[in-house]
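Beneath this line is the structure, given in structure tokens, with notes to follow.
Readers should treat all values here as calculations from the given coordinates under stated rules, not as data from a laboratory. Just so it is clear, the model here is predicted, and its values are computed rather than measured. Here Cβ is always computed from backbone atoms with ideal geometry, including for glycine, and neighbour counts include all displayed protein chains.
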Amino acid sequence: MATLALFAVGILGGVVLHAFLEKGPAENPFPALPKVDEPPAAHDFVAAVGAEDAQALSKMADISILTDLDAALQPIVDVRSTRFVGAVESEGRLLSAYVVTGKTAQGIDFVVGFVLRVANDQVVGVN
Amino acid sequence: MVGLRRLIGGSAGTLLVGVLAGFVISSAVGVFIQDSGLFGASGESPIAHAYMLGYLQRDPNAIVGIRPNQSIAQRAAELQGADASRATASIQPLSLTYIGGGSVGSYSVHIYAVDLRNAQGVDQFFSFALTVAGGKVIRRE
């Protein structure tokens with residue numbers, strides 16, 4: 001019983017020691033932008049990616065955007081899910097960010113992130 | 001006398017193991033809470049955060065331990081570029097925003113928006129998607 005109590009006291013001491021030594025990451029010295037809602041154009045674009053609807057995607061974007069999207073999704077070849085994580089805006093320029101999970105060509109579960117650039121209610125770039 | 005010594009030694013050992021266990025547990029819980037976004041945590045990885053600060057402050061030494069190993073020539077070239085960049089103040093960061101992230105297994109991805117002014121005075125607004133695994137940034141998009 002006394003040994004158990006001593007062990008518990010040790011654990012408590014370890015937690016206090018960790019709190020004392022662990023200072024956490026440095027503060028962000030730069031200002032952060034406020035989040036905005038997901039742009040509808042980006043939402044439709046990513047919905048097509050999530051549904052693996054190549055037909056719809058081909059009508060929404062030109063070849064350079066599709067090439068950039070392909071690079072951004074590497075090494076995922078089989079998209080399983082897409083998730084909007086946030087969007088920010090600076091002087092009319094919008095960035096809408098997504099996390100995509102899926103499988104690689106080797107069948108390994110992987111996660112990638114990409115960002116759509118949106119202007120005039122259109123997706124104008126990837127990353 | 002020997003019995004007393006053994007008792008004190010055993011007690012100190014138990015206490016020491018407890019301290020180590022407490023330290024490891026609180027460290028693991030801290031990482032879990034930070035990565036999961038529980039209790040108001042942003043979900044931002046401290047590794048990704050440190051990487052972005054090192055990048056924007058043009059300090060390659062700050063991120064040398066949290067990215068894949070590079071050759072000596074690559075590291076030297078990077079330091080040279082950072083020195084030149086600092087000397088000419090060619091870029092001025094205006095904002096750094098953590099947008100969000102997600103994870104699968106041991107892989108996590110963290111996305112940032114960066115606003116900076118280049119040497120010509122032109123503002124650039126772009127993003128970084130950092131993939132973190134094994135305590136390092138293994139990919140930057």
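Check which residues have an amide H placed less than 5 Å from A:Val124's amide H, if you skip close sequence neighbours.
A:Arg117, A:Val118, A:Ala119
Rounded, prolate or oblate: which fits region B:43-140 when a ≥ b ≥ c are the square roots of the eigenvalues of the alpha-carbon gyration tensor, with rounded for a/c under 1.5 and prolate only if a/b beats b/c? If you can, show how the numbers build up before the last one.
On the way: a/c = 2.73, a/b = 1.26, b/c = 2.17.
In terms of gyration-tensor shape, oblate.
Which whole number gives the average, over all residues in B:59-69, of C-beta atoms from other chains lying within 10 Å of the residue C-beta?
Mean shielding count: 0.
If the cut-off is 15 Å between C-alpha atoms, which aspartates and glutamates fall inside it for B:Lys136, apart from same-chain ones fewer than 8 positions away?
Leaving aside aspartates and glutamates fewer than 8 places away in the same chain, those within reach of B:Lys136 are B:Asp35, B:Glu44.
For peptide B:112-122, how many partner chain Cβ atoms fall within 10 Å of a residue's Cβ, on average? Could the numbers behind the result be given before it?
On the way: counts 6, 13, 4, 8, 1, 0, 0, 0, 0, 0, 0.
For peptide B:112-122, the averaged partner shielding equals 3.
Report the label-to-label distance for A:Asp37 and B:Gln57 in nanometres (one decimal), using points 7 Å from each Cα along the Cα→Cβ vector.
Using points 7 Å along Cα→Cβ, the separation is 3.8 nm.
Could you derive backbone 3J(HN,Hα) for region B:94-99 from the dihedral phi with the Karplus parameters 6.51, -1.76 and 1.60 (θ = phi - 60°), listing whole Hz in sequence and x where the residue is Gly or Pro?
9, 7, 9, 10, 7, 7
Could you put B:His49, A:His43, B:His110 in order, starting from the residue whose Cβ has the fewest other Cβ atoms within 10 Å? It would help to have the intermediate numbers written out before the result.
Values: B:His49 22, A:His43 15, B:His110 30.
Ascending number of Cβ neighbours within 10 Å: A:His43, B:His49, B:His110.
Give me A:Met60, A:Met1, B:Met52 ranked fewest to most by other Cβ atoms within 10 Å of their Cβ, as a rough exposure proxy.
Numbers: A:Met60 16, A:Met1 5, B:Met52 24.
Arranged by neighbour count, lowest to highest, A:Met60, A:Met1, B:Met52 become A:Met1, A:Met60, B:Met52.
Mean-square fluctuation check for chain A, GNM, Cα pairs under 10 Å: which of A:Gly50, A:Gly107, A:Gly14 is largest?
Of the options given, A:Gly14 has the highest mean-square fluctuation.
Please give the calculated 222 nm ellipticity per residue for the protein assembly as shown, where each DSSP H segment of at least 4 residues contributes -39500 (n - 2.57) and the sum is spread over every residue; nearest 500 deg cm²/dmol? Write out the running numbers ahead of the final one.
Working: 8 runs with 116 residues, N = 268.
Only helices count here, giving -14000 deg cm²/dmol.
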